[in-house]
Amino acid sequence: MIQGRAVVGGNAEGLALVSDEPLSFWGGYDHRTGEITDRRHPLSSQIAAGRILALPFSRGSSTTAAVLLEAIRSGTAPAAILTTGDDTFFALAIIVASEMYGVTLPLVAIPADAFASLKTGMYIRIEADGRVEVSAVSGEDFSNKL
Amino acid sequence: MLTGEHGPAAQMAMSILSRMAVIYGAEELLDISGAHIDSTIYIGDAGLEYAERLAELGARVAVPTTLNVSGLDERHWQEWSVPAEWASKAYRQMVAYQSMGAVPTWTCAPYQTELKPAFGQQIAWGESNAIVFANSVIGARTERYPDLLDICCAITGRAPAAGLHLERNRAGDILFRLVDVPPKLQADDSFYPVLGHLLGKIAQERIPVVDGLGATPTEDQLKALGAAAASSGAVALFHIVGVTPEAPTMDTAFHGRQPQRVVEITLSQLRAARAELTSAEGTGLDMVVLGSPHFSLAEFRQLAPLLYGRTRHPNVEFLVTSSRAMVMLAEQAGYLAELESFGGKVTVDTCILATPMLPPHIRTLMTNSAKYAYYAPGLLNTQITFGSLEDCVRSAELGRIVRDESLWRG
């Protein structure tokens with residue numbers, strides 16, 4: 001169990017999609033499909049919709065928040081986002097989504113060493129107080145869950 | 001404002017801003033005296049609904065406010081492949097922000113307009129390249145504001161007292177020392193976007209300090225450096241010792257402290273960074289595109305003589321993206337005639353990344369902009385080659401990619 005800080009609190013669970021490389025959602029996330037489209041990024045071509053997306057922080061363009069807002073409205077956003085610090089771009093999109101549409105998703109900051117232990121395909125459950133429960137999932141279970 | 005005595009729009013803006021201030025770790029809000037709004041870019045229905053909600057609630061900006069690129073070149077969009085539905089929604093978003101009393105500058109280079117901020121001024125700016133320029137080259141003070149929040153700051157006239165608004169957070173983190181970089185290369189325009197790309201990759205969200213620059217860069221070279229560093233990383237402030245206003249000396253740049261890390265920048269690293277800005281293979285070319293950030297009057301002046309007496313290859317489009325004000329000045333100065341006789345076009349108020357203007361047969365691009373080079377593959381699903389301004393003009397004339405490698409050989 002990892003004790004994280006709920007930057008925006010909420011409950012979520014799902015399969016992790018993890019990279020230690022930051023991502024700009026503008027030019028990096030297709031809000032129509034939930035696909036990661038930054039061709040230089042290790043998660044390129046992965047579908048992040050409904051996943052627990054773990055990235056250290058967002059990068060580059062200030063349009064990242066607007067793209068995440070579109071994704072939340074369209075239902076193509078991740079189920080939750082884990083970062084290593086308070087990512088203001090992700091936080092803003094979620095706060096505006098709750099203001100505009102009454103929907104939210106958890107954004108939790110976790111310590112860097114705990115972040116480093118996360119791997120794509122792990123099953124993650126997030127509690128409203130920022131607790132992050134991680135269970136390893138085997139390759140077979142992984143494809144079943146997908 | 002939270003209780004609504006300034007009207008429902010200010011109440012909504014303050015509600016978002018005050019929740020965000022907690023996340024920024026701010027103990028209070030501070031007064032700003034300028035804003036630049038990046039939320040103008042039409043991305044989809046949510047951003048449009050947000051703008052129209054604020055406008056319907058009677059939002060007015062409380063401080064002088066400029067507007068970033070929109071999702072539409074109002075006058076020329078029909079010459080390109082912009083879908084009519086996109087045009088109509090992007091236009092509604094423009095109308096919504098203009099109705100709030102902001103100045104319709106429609107540019108990502110507001111620091112090259114009359115409305116640019118002054119040294120030490122507290123501002124709330126969106127648009128990564130504008131943020132890094134305002135902080136680094138002018139010495140104005142803004143945090144790296146995301147879309148949607150920039151307008152909340154403009155409506156309330158307030159910003160969280162945190163981050164780069166505060167003197168103590170503006171010290172350099174990482175020292176980049178140039179070694180073995182030939183002076184001839186440092187004098188060349190194409191050096192700056194490549195250096196910026198490398199700085200951003202290594203510094204990420206920290207503050208880089210560059211030492212050992214032999215040349216005195218122009219405003220447009222610093223613009224290119226910042227835009228590159230804010231694309232490959234989250235750089236919102238850089239210092240160049242002896243060049244930028246908060247770095248008269250190395251000691252001042254680091255606020256009297258030691259750098260966290262020292263990185264030596266060599267010609268071979270720069271060559272590798274330059275190679276990363278090219279995704280295309282081969283010499284095929286469909287379009288040359290210049291102007292991210294938006295082309296300045298000085299850049300139009302530099303381009304015009306390169307085009308003189310030449311014409312583009314019939315299979316290669318040649319496009320410059322800029323603001324309507326800058327294009328008007330360039331026209332009056334006589335720089336547009338050369339562009340027209342070359343067969344080039346101009347798009348204003350937006351850029352190829354912010355409006356779906358490119359027809360599907362445009363597959364391979366060439367540019368002198370690290371920002372275009374960085375984002376085109378993901379946003380436009382095209383291949384791109386980075387080159388100097390001269391390389392771009394020659395390639396457009398010949399109809400295939402040619403690059404002068406002599407400066408990069410050392």
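Here are some notes:
- Which numbered condition B:Glu205 fails, given (1) outside the structural domain of B:Ile43 (by TED's automatic domain parsing); (2) not in a loop (DSSP other than H, G, I, E, B): (2)
- Per the conditions (1) part of a loop (DSSP other than H, G, I, E, B); (2) out of contact with any helix residue (DSSP H, G or I) (no Cβ under 9 Å at 6 or more places or on another chain), the sole criterion not satisfied by A:Arg39 is (2).
- Scanning the range A:125-137 for residues that are in a strand (DSSP E or B) and of a type in the set (Val, Ile, Thr) gives A:Ile126, A:Val132, A:Val134.
- Any hit, the range A:57-80, residues being within 14 Å of the chain's Cα centre (by Cα), at pLDDT below 95 and surrounded by fewer than 24 Cβ atoms within 10 Å (Cβ to Cβ): yes
- Cross-chain or 6+ apart pairs with Cβ under 8 Å, the range B:372-386 first and facing chain A (nearest Cβ under 8 Å) and touching a residue at least 12 places away in the same chain (Cβ under 8 Å), then aromatic (Phe, Trp, Tyr) and crowded, with 24+ Cβ neighbours inside 10 Å: B:Tyr375/A:Trp26; B:Leu379/A:Trp26
- For the range B:274-299, residues that are part of a strand (DSSP E or B), in contact with a Ser or Thr (Cβ under 6 Å, 6 or more places away or on another chain) and within 14 Å of another protein chain (Cβ to nearest Cβ) total 1.
- Looking only at the range A:1-34, and only at residues there that are out of contact with any Pro (no Cβ under 9 Å at 6 or more places or on another chain) and either surrounded by fewer than 17 Cβ atoms within 10 Å (Cβ to Cβ) or over 30 Å from B:Ala373 (Cβ atoms) (or both), the one that is nearest to the other protein chains (Cβ to nearest Cβ): A:Arg32
- Taking helices (runs of 4 or more DSSP H) as the structural unit, those lying wholly within the range B:300-391 and holding at least 2 residues that are at negative phi and crowded, with 23+ Cβ neighbours inside 10 Å correspond to B:324-332, B:370-380.
- Search result, residues across the range A:35-45 that are among the hydrophobic types (A, V, I, L, M, F, W, C) and either within 10 Å of chain B (Cβ to nearest Cβ) or touching a His at 6+ places or on another chain (Cβ under 6 Å) (or both): A:Ile36
- Residue in the range B:93-107 that is touching a Gly at 6+ places or on another chain (Cβ under 9 Å) and within 14 Å of chain A (Cβ to nearest Cβ) present: yes
- Qualifying residues in the range B:182-194 (those that are touching a Leu at 6+ places or on another chain (Cβ under 6 Å) and of a type in the set (A, V, I, L, M, F, W, C)) - the one surrounded by the most Cβ atoms within 10 Å (Cβ to Cβ): B:Val194
- Any hit, the range B:124-136, residues being over 18 Å from B:Asp38 (Cβ atoms) and either in the same structural domain as B:Gly34 (by TED's automatic domain parsing) or surrounded by fewer than 18 Cβ atoms within 10 Å (Cβ to Cβ) (or both): no
- Of all the residues in the range B:312-354, those that are among the β-branched types (Val, Ile, Thr) and in contact with a Phe, Trp or Tyr (Cβ under 6 Å, 6 or more places away or on another chain) number 1.
- Residues of the range B:74-133 classified as among the acidic types (Asp, Glu) and within 20 Å of the chain's Cα centre (by Cα), total: 2
This table checks each residue for (1) closer than 26 Å to A:Tyr29 by Cβ; (2) in contact with a Gly (Cβ under 6 Å, 6 or more places away or on another chain).
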position	(1), (2)
B:Leu2	no, no
B:His6	no, no
B:Leu17	yes, no
B:Ile23	yes, no
B:Glu27	no, no
B:Asp38	yes, yes
B:Tyr42	yes, yes
B:Gly47	yes, no
B:Tyr50	yes, no
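- Scanning the range B:215-267 for residues that are surrounded by fewer than 21 Cβ atoms within 10 Å (Cβ to Cβ), touching a residue at least 24 places away in the same chain (Cβ under 8 Å), part of a loop (DSSP other than H, G, I, E, B) and out of contact with any Leu (no Cβ under 9 Å at 6 or more places or on another chain) yields B:Ala215, B:Thr216, B:Thr218, B:Pro245, B:His255, B:Arg257.
- Boolean, B:Gly282 is assigned by TED's automatic domain parsing to the domain that holds B:Pro377 and of a type outside the set (A, V, I, L, M): no
- Helices (runs of 4 or more DSSP H) fully within the range A:46-124 counting 2 or more residues that are free of Cβ contacts under 8 Å to residues at least 24 places away in the same chain, facing chain B (nearest Cβ under 10 Å) and within 30 Å of B:Leu57 (Cα to Cα): A:88-101
- Remark: pairs (first residue in the range B:318-341, without any contact (Cβ under 8 Å) to a residue 40 or more places away in the chain and not assigned by TED's automatic domain parsing to the domain that holds B:Trp77; second residue among the polar types (S, T, N, Q) and crowded, with 21+ Cβ neighbours inside 10 Å; Cβ separation under 7 Å; 6+ apart in sequence or on different chains) = B:Leu319/B:Thr347; B:Thr321/B:Ser292; B:Thr321/B:Thr347.
- Looking only at residues of the range B:146-161 that are within 11 Å of chain A (Cβ to nearest Cβ) and at pLDDT 95 or above, we find that the one that is surrounded by the fewest Cβ atoms within 10 Å (Cβ to Cβ) is B:Pro160.
- Test for B:Arg92: is it among the basic types (Lys, Arg), free of Cβ contacts under 8 Å to residues at least 12 places away in the same chain and not assigned by TED's automatic domain parsing to the domain that holds B:Pro359: no
- The residue that is nearest to B:Ala354 (Cα to Cα), among those in the range B:39-64 that are without any contact (Cβ under 8 Å) to a residue 24 or more places away in the chain and outside any loop (DSSP other than H, G, I, E, B), is B:Ala46.
The values are calculated or read from the model by the stated rules, or taken from the named source; none is laboratory data. Model, not experiment: these values are computed from the prediction. Glycine gets a Cβ as well: all are built from the backbone with ideal geometry, and neighbour counts include every protein chain shown.
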